[in-house]
1. Of all residues in region 375-388, count the ones that are under 39 Å from the mean Cα position of the chain (by Cα) and either under 18 Å from Gly330 (Cβ atoms) or at pLDDT 95 or above (or both).
2. Can you pull out every residue in region 339-361 that is polar (S, T, N, Q) and at positive phi?
3. Identify all residues within region 270-298 that are in a loop (DSSP other than H, G, I, E, B), touching a Ser or Thr at 6+ places or on another chain (Cβ under 8 Å) and at pLDDT below 70; write none if there are none.
4. Does region 161-179 contain any residue that is closer than 25 Å to Gly225 by Cβ, modelled with pLDDT under 90 and not assigned by TED's automatic domain parsing to the domain that holds Gly85?
5. Given the structure, is Ile135 loosely packed, with under 15 Cβ neighbours inside 10 Å and under 27 Å from Ile114 (Cα atoms)?
6. Would you check if Lys360 is surrounded by fewer than 18 Cβ atoms within 10 Å (Cβ to Cβ) and at pLDDT 95 or above?
7. Looking only at region 147-163, filter to residues that are of a type in the set (A, V, I, L, M) and surrounded by 13 or more Cβ atoms within 10 Å (Cβ to Cβ); which one of those is farthest from Ile417 (Cα to Cα)?
8. How many residues does region 70-120 contain that are within 16 Å of Gln156 (Cβ to Cβ) and in contact with a strand residue (DSSP E or B) (Cβ under 6 Å, 6 or more places away or on another chain)?
Amino acid sequence: MKTTEVVNQLRRYPTAVYLAFSMLCIFIVLLVYSKNRLPDKAAVSPPQSAEQSLTEPRETETFPKANAEILSQTEVTVRRGSSLGDALAEAGLSGNESLQVCNALKPVLDLTRIPAGQTLQVSLNSSGNPVQVDIPIRFDKKVTASLKNGAWEARQIITPLHPVPVLVHCTVNTSLYQAAVDAGIPLSVMMEAIGLFSFEVDFQRDIQSGENITLLYEKLLDLEGKELSTGKLLFARLELEERSIDAWYYQTLEGRADYYGADGTSVRKALLKTPVNGARISSGFGYRNHPILGYTALHRGVDFAVAMGTPVMAAGDGTVVIAGWHKSYGNRVKVRHANHYDTMYAHFSSIARGIVPGVKVKQGQVVGYVGSTGMSTGPHCHFEVHYYGSPVNPATLKFPPRHSLEAEDLRLFQLEIDALKAEYGI
C-alpha cells in the first residue's frame, strides 16, 4: 500500500488514530515510572532478625522505659519551707525530671497544698533512673506519676474498701481511755463516742467505776481482708447508774449525717457543756471566795483546768460579738447563739486567728487557746453561758436538741435501728 493511500485511510478514521496514539503514550509513561521505582540492589538493607529488632536501641530514645523493672525505692519527706520539687531533687531527680513530674501531677494534685511531713516514694530502674513517684494521700488513696514512652503521666489510685461492722462492750474501771485500750477499741472511735456523750454527761461527776459502754463501729478492709482503718461509728450506748444514753447514726434523705436518740431527736445539743477536751472542773458555778479579790462573789461560770495552749471550742453555732481584752477576763471571746443563748470564754493566752466581732462560727470551731491572762491564778478556761442576758449554770442546764427527724426520715430511721437491734442484739 502506497504512503498516500495510508494517509488517506488515517484521515478517514481520526478517532481510531487518536485512541491508538493515547494508548502508546500511556504505555511509555508507565514503563519509565516503573523503572525509576525499582531500587538498586546495593541500597536494599538485609532484613533484621526478631532478636535484633527488639534489642537494638533507637537513637531517638532518651528516656528509660516505663515498664523497666523497678530495682530500688527511696523515700523522702517534704521538709518545712520546701516544695515537692525540693523533695524530688533530694531523691536524686534532676531539675528537668522534677519539673516534668510536677507538671504531670498538677491535674490530679494541688502542689501548693502539700504539707510539711508528706512522704513520697521514688522508684528507680536497674540503670538508676527514676520511673515512678508515689505520693500517699490517705490510707486508701495515693497519687502515682509513671514514666511511659518518654513522658510522665499521673493518676489517682483508690483502694476499694469493704466496711465490716464490729460490736464491742467494755467496762469503765479507771478511765474511758483505759477502757478503750483494754477492749481493743480504736481511740478515734472512743473519742467520737465521748464527744456524743458529752452533750448529756459531765464526765467528771457522772461516770463511775463499773459502768458499761457498747459500741458498734465499722472496720474498713481491703479486698484481701487487711484492715486499713475504721469507718463510721454506727451506735454508741453509755449505761449509767440511773439511765442509759443511746446514739444512732443516720443519714437523712437530704444527705446530712448525724446521731439521734431512739425517738429521732438529735443527740447533739444546741450547746456543748464542755468547750475544751481533757479538762477537769477546778471551780464550779455559784458563790465563792474570790481567790484574788478575797471576798465572796458570784462565780458566773465554770473553770476548766487544763494545760496552757489547749484549744477551746465554740459551744455552738453563732456569731462572735466580742473578741478582745478585758481587765478581769483577759483575752476573751463572746458568741451569740440562737434561742437567746450567749457563751463567753476567758483568760485565753491568745484568740484564734480570724475570730473577730461579726464572724460566724460553727460548733466545735476553735476560738482561742487556754491561758492565764487577766485576773487568773493559773492556766484554765473560764466558760459562761447566758440565757436572756443572765448567767446560768452550764453543768445543770438542759440544752435543746439541734434538730429532730420528721416524716419519711423518721420512718426510715426507725427501720434502720430496728434492723440493727435484731442483728446485733442491742
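The values are calculated or read from the model by the stated rules, or taken from the named source; none is laboratory data. Quantities reported herein were computed from a predicted structural model and do not represent experimental measurements. Glycine gets a Cβ as well: all are built from the backbone with ideal geometry, and neighbour counts include every protein chain shown.
1. The number of residues fulfilling the criteria is 7.
2. Asn339 - this is the single residue of region 339-361 that is polar (S, T, N, Q) and at positive phi.
3. Gly278, Ala279, His290, Pro291, Ile292
4. No, there is no match, as no residue in region 161-179 is closer than 25 Å to Gly225 by Cβ, modelled with pLDDT under 90 and not assigned by TED's automatic domain parsing to the domain that holds Gly85.
5. no
6. When the stated conditions are applied, Lys360 passes them.
7. Residues of region 147-163 of a type in the set (A, V, I, L, M): 147, 151, 154, 157-158, 161.
Checking the rest, the ones that are also surrounded by 13 or more Cβ atoms within 10 Å (Cβ to Cβ) come to 147, 154, 161.
Working: Leu147: 51, Ala154: 43, Leu161: 24 Å.
The residue in question is Leu147.
8. Count: 6.
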